[in-house]
Amino acid sequence: MKKKFIVKEHVDFTNIINKGKYYKNSYFVIYTLKNDLDHYRFGISVGKKVGNAVIRNKVKRQMRMIIDNYKKNYQNGMDYIIIIRSNYTNAVFSEIKISFENTINKINRYKEN
């Protein structure tokens, strides 16, 4: 993922979480909010309840790979914050990919209406 597609600032994270809509499943919660840019941005948050630093970094790498695989499904001008739940580590990677794709499709359906 290129740097321009990443939400890094704490202020941006809190703004998106407080003002945006959320979509959740058993593995993560995705918050969305429109931005004034011509591209989408993603932020990933993994809490300490998920595991130690090695596991949290693995989870972030996996999520970045999933995000890159589904680039065609994102809407430009949107910010997405993904908060990983502790149930993520108990799941198989293929289940997580399917769950992510379903959630993104759900987000796109609600944005079109």
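General observations
- One residue alone among 24, 4 is charged (D, E, K, R) and in contact with a His (Cβ under 8 Å, 6 or more places away or on another chain), and that residue is 4.
- Among the residues making up segment 66-113, those that are closer than 16 Å to residue 24 by Cβ, out of contact with any helix residue (DSSP H, G or I) (no Cβ under 9 Å at 6 or more places or on another chain) and among the polar types (S, T, N, Q) are 86, 87, 99, 102, 103.
- Note on segment 44-65: residues that are in contact (Cβ under 8 Å) with a residue 12 or more places away in the chain and loosely packed, with under 11 Cβ neighbours inside 10 Å amount to 1.
- Residue that is nearest to residue 91 (Cα to Cα), among those in segment 3-45 that are of a type in the set (Lys, Arg) and under 11 Å from the mean Cα position of the chain (by Cα): 24
- Within segment 66-86, tally of residues that are part of a helix (DSSP H, G or I) and open to solvent by 60 Å² or more (accessible area, probe 1.4 Å): 4
The values are calculated or read from the model by the stated rules, or taken from the named source; none is laboratory data. Every value quoted in this text rests on a predicted model; they were computed, and no experiment measured them. FYI the Cβ positions are ideal-geometry reconstructions off the backbone, even for glycines, and counts take in every protein chain you see. Note: accessible area is taken over every heavy atom of the protein model, side chains too, but ligands, DNA and RNA are not part of it. Shrake-Rupley method; radii C 1.70, N 1.55, O 1.52, S 1.80 Å.
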